[in-house]
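Take a look at the structure below.
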Amino acid sequence: MTYADDRSLQAARARAYALAETGRFDNGNAVQQALIAEGWSNAGRALESDYARKAIGERCRAAQAQAH
């Protein structure tokens, strides 16, 4: 993996975390679909780790809990 790839994956993960924190998404799959819709072609690679998926899921649940 090149440095540019690593930075682009970090950027996609950062955007995924931001989307998850809006409270509009139920889980990581929904966030991934939103990233793809925004044009993040590397969304699948950015979110392939269990850690990233778990963190996004937790942020989705926390944001939804705050909204209710």
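None of the figures in this text is laboratory data; all of them are computed from the coordinates on show. Since we're looking at a predicted model, the values are computed, not measured. Glycine also receives a Cβ, built like all others from the backbone with ideal geometry; neighbour counts cover every protein chain displayed.
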Take every Cα-Cα distance within the chain, group them into 10 Å bins from 0 onward, and report for each bin the whole-number percent of pairs it holds.
24, 53, 20, 3, 0
Where does each of 12-23, 33-44 land if you order them by average Cβ count within 10 Å, highest first?
12-23, 33-44
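So what is the calculated 222 nm ellipticity per residue for the chain, using -39500 (n - 2.57) for each DSSP H run with n of 4 or more, over all residues, to the nearest 500 deg cm²/dmol?
The helix contribution divided over the chain gives -23500 deg cm²/dmol.
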